[in-house]
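To start, the structure itself, in C-alpha cells.
Just so it is clear, none of the values below were taken in a lab; they were calculated from the coordinates. Remember, it's a predicted structure, so these values are computed and weren't measured experimentally. Methodologically, a virtual Cβ is constructed for each residue, glycine included, from the backbone with ideal geometry; neighbour enumeration extends over all protein chains shown.
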Amino acid sequence: MAFSPSPWASFPPEVPRGPQAAHRRIVSESWERARRRRLDPESVLADVELPEDMLADYRSAHPLFLLLPVARTLLLRDIEGSGLIVAMGDEQGRLLWVEGDNSAKRSAEDMRFVEGAGWAESRVGTSAPGTALVLDHGVQIRGHEHYNVFVQNWSCSAVPVHDPVTRRILGFLDITGDERAVGPHTLALLEATATAMEAELMVSRLTSAPPRSTPARQRIARPTASAPASLTTLGRDVALMSDGRRIVSLSARHSELMTLLSWHQRGLGADELASLVYGDPHAIVTLRSEMVRLRHALEVLDPRMAPLSRPYRLISPLETDVAKVMSLLDRGSYRRAVGAYTGPVLPNSTAPGIEEIRDLLAARVRESLLSDAGVDVLLDYARSSAAESDREILMAALGRLPPRSPRRAGIVARLEQLDRL
C-alpha cells in the first residue's frame, strides 16, 4: 500500500452533520455498558496503572515494543504542528507510548492521556482505544460521543493489533486530536499500519525461531540473582508478576492465589487456602488442580517462583504493591502512600481472602490519613476513585484549612454535590 510523504496533509477536519450528530448504535451500546458499571461521566479520568518505575520494563517486554519502528514510520512523519497524537497501548487498554504533536500532548495531559494511564472502556467509558478493544475492530469516536465530559473536546480513532498466528489481541493503535483524528482516511491508515505491524511480527518470529533441537527450558532467559520478584494487584482485575526484567499478566484465579500466598508468608494448608479462595475448605481437589496450572504458568518467568506445598507457600517473599503502601504508611510517608495506592486489591475478585486484604488495606489508608495527614494529602486522596464520595475525608480537609483559605470553597462545593446525590 502506498503512503503519501505526509499522511496528515490529506486529512481535513470533518464536522458531523445531520444524523451523524446523534449517537450511533455503537456509541449507545458503549454508553449503556458504562452505565451498568456505574461509571461517573463527570469523574476524574484515567488512573496511571503502570507507574513510571514499572513502565520501561513492561514496555520493553511487550510484543509491541519490536513494532515501534513500523508505527513511527507510517504514522509519525511530519506530525508536529498537526494537533494530533499517536498512541499505542496493550490489550488491557493501558497507554504504553504517546507521541506526536507536542502542544497536543501537553493539552492531553489534562485528561490523563499519558503513558501508563488506563483507558479501558471499563475504566473511563466510551473512547476509541477502549471500545476498539471491547469490539475487536476499528472504532472512531467524535467529541460528544465520549462518555466522560472531560474528553468531549477530543476525537479519536483506534484499531486493535493482533497476534498474527493466534489472532489474540496484543494491543491497540490510536490517533487522538481534533476532527482530523476522525477524518475519512484515518481509520484506513490505522488498519493498514496494524496489518504491517502484524506482518513484521510474523517475519520476526520466523527469522528468530530457535532450532527445534534446543530444549524449551534452555530458551527461557533467567533473571539475575539480585533481580527482585514483584506482584502488582492494586486497581487491577488481574495481577502483574515480574522477575525483575519481564512482566506477565496472571489469570484472575492465579492472581488471587499469588496475592494470598504473598500475604500469608508463613504458608497455608490446603483447606485454609481453599477457604480463602473458594469460600469452601473442602474444595481441595479444585485447588490442587489450579495450583498445578499456576506452577506451569510461572515457568515462563522462573520455576523457582512457583509455590511449594504442604503447606502452600512461596520460596522467597515477593515485593508487592500492597506491602509498599503499608510500609509507606508505617513511615508516615502519606503523600507517597496515596500515590502508590492506585486502587483496591483485585477490585473484581470475590474470593473471601482477597476481600479481607482489600478491606484491611483500604481501612488502613483511610484511618492513617484521617489521623495524621496534611490537608494537601487529604485532598489528593479525595480526588481518587477510592474516596471521591467520602464526606469524612473532605470534612477533615476542610477542618485543617485556615478560615480564609480560597480552597475551602471548592471543598464546600463538593460536599454540597454529595448531598444532592
> Among the GluC sites (Glu not before Pro) within segment 73-104, which fall in a DSSP loop and have no more than 16 other Cβ atoms within 10 Å of their own Cβ?
Replying inline: 80
> What Rg and what Dmax come out for segment 326-420 when only alpha-carbon atoms are used, in angstroms?
Replying inline: 14.2, 48
> Which is the longest run of the chain containing none of the trypsin sites (Lys or Arg not before Pro) found in DSSP loop states (not H, G, I, E, B) with at most 16 other C-beta atoms within 10 Å?
Replying inline: 78-166
> Given the C-alpha centroids of segment 352-388 and segment 32-68, what is the distance between them in whole angstrom?
Replying inline: 22 Å
> Which percent of the Cα-Cα distances in segment 7-205 go past 31 Å?
Replying inline: 11 percent
> Restricting the count to DSSP beta bridges whose residues both fall in the chain, what percent are antiparallel, rounded to a multiple of 5?
Replying inline: 95 percent
>> How big is the dipole moment of the chain about its Cα centre under a simple scheme where the beta carbon of each Lys and Arg is +1, that of each Asp and Glu is -1, and everything else is neutral? Debye, nearest 20, please.
In response: 640 debye
> How large is the helix-only mean residue ellipticity at 222 nm for the chain, computed as the sum of -39500 (n - 2.57) over DSSP H runs with n ≥ 4, divided by its residue count, in deg cm²/dmol to the nearest 500?
Replying inline: -12500 deg cm²/dmol
